[in-house]
1. In whole Hz, with x marking every Gly and Pro, tabulate ³J(HN,Hα) for the range 198-206 from phi via Karplus 6.51 cos²θ - 1.76 cosθ + 1.60, θ = phi - 60°.
2. Compute the acute angle (0 to 90°) between the alpha-carbon long axis of helix 269-318 and the principal axis of greatest extent of the alpha-carbon atoms of the chain; round to the nearest 10°.
3. With θ set to phi - 60° and the Karplus curve 6.51 cos²θ - 1.76 cosθ + 1.60, what are the ³J(HN,Hα) couplings of the range 229-236 in order, to the nearest whole Hz, using x for Gly and Pro?
4. Sequence-distant or interchain residues sharing an amide H contact under 5 Å with I179, placed H: which?
5. Given charges of +1 on the Cβ of Lys and Arg and -1 on the Cβ of Asp and Glu, with all other atoms neutral, how large is the dipole of the chain about its Cα centre, in debye to the nearest 20?
6. Return C226, C145 ranked ascending by Cβ neighbour count within 10 Å, so the fewest neighbours appear first.
7. Most exposed first by the Cβ proxy, i.e. fewest other Cβ within 10 Å, how do Y113, Y79 rank?
8. Which ordering of M1, M285, M45 is given by a fewest-first count of other beta-carbon atoms within 10 Å?
Amino acid sequence: MIKTRGEIFITIRSRDLVSTAIDTNNNAGSFNLFENITAEEDEIMTVELSSATIPNSFYNLSNNNSNNKITVKEGANAYATLTIPSGSYNILELSNELKTLLDAQSVIWGNNYSYSFVYNEINNLLTITNSGNDAVFDFTQTNSCRRFLGFTNSIQTINNSNGIISDRSVDVTDTRNSIFVRLPNLSNSKVIESNNGKFSNVIAQIPIELSRNLFFTYDPPVSFKCELSQKQINSIDILITYQDEQNNVNFEKADWEVNLIINFFKAPASVVKNRLEDTILQRRMLETVDTNLSSIENKNKETAELKDYFQSQLKKIKN
């Protein structure tokens, strides 16, 4: 593709945006441009995420992520669902937190069992036991922390000293190993998401660095240039989510920065032709609307004149 003019560099800081985030997630906002960015009829615009500075301030386990519960029972007791405090955990820290919660719940049940968690780093599996060899974990709940512990969607029972062992790999990302930068008000037909097979507003996927509570940078050697369907930009909306667009990243009020580049390229002849046809069609539609409005106005005028005529004739008859 041939560039037609210089690129436009747009630097965006979350603190400068008008927030459109849900609650205090600080993952979405918008701003208006002081001057519209417009492509000529023979140009196409592209947008790309050239770089970003992202704080790893978001929790891997939280109510926001719907993964902070564990459901368990001992003996004839009813299931209890325990809530794990939100935070950024590794598997050992989470194991310690769960031991504290489960031991306390066992006291409430009157069993006083002591739970044990043993993580095998070589095969990335976790073994859970308790001193009573008696517990049932319900990992079928939608808000379960099961992926952290390495379990599938299943019921797992401790009934001997071997306890239960992960039946999938321990995953403290809970499949949230990337964040997605989206531009909801800029339309394109070049990006498709696998979760729904439809065109998407994603312009970049950023892998999440493992170092929590630090800033990490996104600086791809080659960034994806997303061709835009529109010819004019007067504002920019930005949204940062996990792969599911409805699953917002909660930055816990930390700020982030992204840098966009707008480029202009010579449009293919087919695009120019389609735009010309669209313009002609739009003009015809407007002309048709104007004609119909004019016709309606004339009919209304004739109706009013006819009404006045009959009223005058009725007056003459009465007189």
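1. 9, 5, 10, 9, 6, 10, 7, 10, 10
2. Between the helix axis and the principal axis of the chain, the angle is about 60 degrees.
3. 7, 8, 9, 9, 10, 10, 7, 10
4. Under 5 Å from the amide H of I179: I206, I208.
5. Values: 29 positive and 37 negative charges, 217 e Å.
Once rounded to the nearest 20, the dipole reads 1040 debye.
6. Least crowded to most crowded, the residues run C226, C145.
7. Y79, Y113
8. M285, M1, M45
Taken together, the values in this text are just the output of simple stated rules run on the coordinates, not laboratory data. Computed from a predicted structure; not experimentally measured. Every residue, glycine as well, gets a Cβ built from its backbone with ideal geometry; the counts of neighbours run over all protein chains shown.
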